[in-house]
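**Student:** Quick one: structure below, then a few questions.
What follows is calculated from the coordinates using simple rules that are stated; it is not laboratory data. In this text, all values refer to a predicted model and were calculated from it rather than measured experimentally. Every residue, glycine as well, gets a Cβ built from its backbone with ideal geometry; the counts of neighbours run over all protein chains shown.
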Amino acid sequence: MQSRVLAWPRAAKRLVVVALDVFLALLATWIAFTLRLDTLHWPTGAQWWVYALTPTLAVPVFVRFGLYRAIFRYTGQAALQATGQAVMLYGLMLLGVLLWQRWPGVPRTLGVLQPLVFLFLVGGSRAVARFWLADLGHAPVKDEGRLLIFGAGTLGVQTAASLHLSRQFALLGFVDDDTAKVGRSIDGIPVFASTELPAVVARQGVTDILLALPSASRDRRKIIIDSLRSLPVHIRTLPGLADLASGRVTVQDFCELDVEDLLGRDPVPPDAELIARDLAGQVVLVTGAGGSIGGELTRQIVRQGPRQLLLLDHNEFGLYTIHQELQGICAASGLSVELVPLLGSVANYARLLSVCMAYRPATVYHAAAYKHVPMVEDNAGEGVANNVFGTLNMARAAQTSGVKRFVLVSTDKAVRPTNVMGATKRMAELVLQALAADTTDTCFTMVRFGNVLDSSGSVVPLFRRQLAAGGPLTVTHADVTRYFMTIPEAAQLVLQAGAMAVGGDVFVLDMGEPVKIMDLARRMVQLSGLSVRDEANPNGDIDIAITGLRPGEKLYEELLIGDNPERTAHPRIMKAHEPCIPWAQLAEELLSLESAAQRDDLEAINTFLLQHVHGYQPGELPAP
């Protein structure tokens, strides 16, 4: 029955509510007469005017207070307050009319008694409707899980109310460290201390814990998450306060822990003034705009209000997707940025020069590159053509068209590389260092950072897919470690370094301690409410398989070739001092590399890279 009522047209439901209020106004009038006259009442004479007056006054007042726009099954304190205010105004109007007309047989006290009865009837009808439509207390809870909410604040209570309506989880309690709340209850739901969690989980069969801590610091969240890792529960979280400001919290808002929680450290804070300095009101070009890093660059750049943002990519679908997303951002934020999607490859110099001459960008962020290590290892010629000569093509086009700043997105794999991808990225750095040392009006700089969590090639989405499939999680080596950062961090670093550059700079991020991939895999398994199956726990849920290092893969990555990095204006950004080759010499030698790439001659490519890239060791892998 409830589902049929909910399916009625909105106008029909409003008409039913208006008719109900008319009936309740008449009923309240009859009850008020009966109580006041102390006998069962039947209207006579002028008393009929009161019966006509009460609904005539009530309905317009209720319309004015928006009571017919409310959704009954979601009504709460605000709706009840509005109802009380509406009835109060209605009562004053009714009392005023009765005092003015002085109809015979109509007591003046009816102007006070009838609104009180009417308020009771209207409030009761809303409560009954909410109870009935939401099917509270009668609908069986769907077998989604048994849940605790960590955080008994406003957001936690709001989430509990949504859960009560959705019936998708059995809410067993709140968890909080506030001693004023522990041991008490909120709407009949008990509040437990965090120290009680292991016992509560075991006793009540908890399957999920939801973190409702949108304003907690990263350090605080890390401590809480680490304390939950040993429990056999699935850890979920809610969006931040900014994401929740626009609407109601629902079960659909529950999400997996974000990559910052997996990273286990505070993200590097941006310097907003530094980021905006070279972007506001400018023409900016981003190559590889459809990729993970390029896309995030465009998202952050567009919010700085450039006059024109040029999006270059050879991937049509990726370019279409980011263009649509940026249009949505501009519309939602009221930004008047001209977005220009440009199909083209960095291997095509003529196309790059045409774009630069037509639009005259002031700044270029060069994120276009082949980055997947095994893929470039198997396609070395294309890797060289795209990563080395694509960078050279873009740099030449930038110089010719008068670009002021050119920022290359590089990688820690360029440091003493054991693979073609890393070596080509170091060659791209050498090209820009040589051009910067030569006479030029364009400021060339490079930004080098580690692996990016949740990017298209990151291990995090791979582990998530493997978890969803029931495992195993694949790790190439038990001791492999990587530096990690988030996609927004990487993009902010690129923007900030570009603003600080003076020419030929190689910027690196102080990324803290490297993360062991095996530890990351175990962390993701445990936070999904599962356990790792190994010798110590043969009955666990998920295996972690060691697959062996891939061609060109290193156990450890480095950020610096030389020593003694120089501090910059940003506390977490350093400037490296790396050796370079004069442009006159490098330009001539690049001809042989270009010829080898065109022939896809792996031996000639490796010979060249061995001669020019410090520490390059092709095919040498650490022993497992």
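**Student:** Rule-of-thumb check for the stretch 392-452: C-alpha Rg over 2.2 N^0.38 Å?
**Tutor:** Relative to the 2.2 N^0.38 Å estimate, the stretch 392-452 comes out at 1.16.
**Student:** Report, please, the projected area of the stretch 169-210 averaged over directions, based on the convex hull of its C-alpha atoms, in nm².
**Tutor:** Seen from a random direction, the Cα hull of the stretch 169-210 projects 3.0 nm² on average.
**Student:** Y370's amide H: which non-local residues (gap 5+, or another chain) put their own amide H closer than 5 Å, with H modeled 1.01 Å from N in plane and none for Pro or chain starts?
**Tutor:** Residues meeting the criterion, in which the H sits 1.01 Å from N, are N387.
**Student:** Still on this model: From the phi of every residue in the stretch 89-94, what ³J(HN,Hα) in whole Hz does the Karplus formula 6.51 cos²θ - 1.76 cosθ + 1.60 yield, where θ is phi - 60° and glycine or proline is x?
**Tutor:** 5, 4, x, 5, 5, 5
**Student:** Roughly what would the spin-label model give for W42 and D479, points 7 Å off Cα along C-beta, in nm?
**Tutor:** My value for the distance between the label points is 10.1 nm.
**Student:** Something else about it: Order these by the 10 Å Cβ neighbour count, fewest first: E588, E578, E338.
**Tutor:** E588, E338, E578
**Student:** Right, another one. Based on the Cβ-Cβ distance from A193 to A52, what FRET efficiency comes out when R0 is 51 Å, to the nearest 0.05?
**Tutor:** Numbers: r = 61 Å, r/R0 = 1.19.
It comes to 0.25.
**Student:** Same structure, new question: Give me, ordered by chain and number, the residues 5 or more places off L171 or on other chains with an amide H under 5 Å from its own placed amide H.
**Tutor:** L147
**Student:** From the phi angles alone, apply the Karplus equation (6.51, -1.76, 1.60; θ = phi - 60°) to the stretch 604-618 and give each ³J(HN,Hα) in whole Hz, x where the residue is Gly or Pro.
**Tutor:** So the J values, rounded to whole Hz, are 5, 4, 5, 4, 5, 5, 4, 6, 10, 9, 4, x, 5, 9, x.
**Student:** I573's amide H: which non-local residues (gap 5+, or another chain) put their own amide H closer than 5 Å, with H modeled 1.01 Å from N in plane and none for Pro or chain starts?
**Tutor:** Amide H to amide H, under 5 Å and 5 or more residues apart or across chains, I573 pairs with D510, T568.
**Student:** Structure shown: which of K404/K575; K425/K575; K181/K516 lie over 27 Å apart, alpha-carbon to alpha-carbon?
**Tutor:** Where the Cα-Cα span goes over 27 Å, the pairs concerned are K181/K516.
**Student:** Between L20 and D177, take the C-beta separation as r, use R0 = 45 Å, and let me know the FRET efficiency to the nearest 0.05.
**Tutor:** My answer for the efficiency is 0.45.
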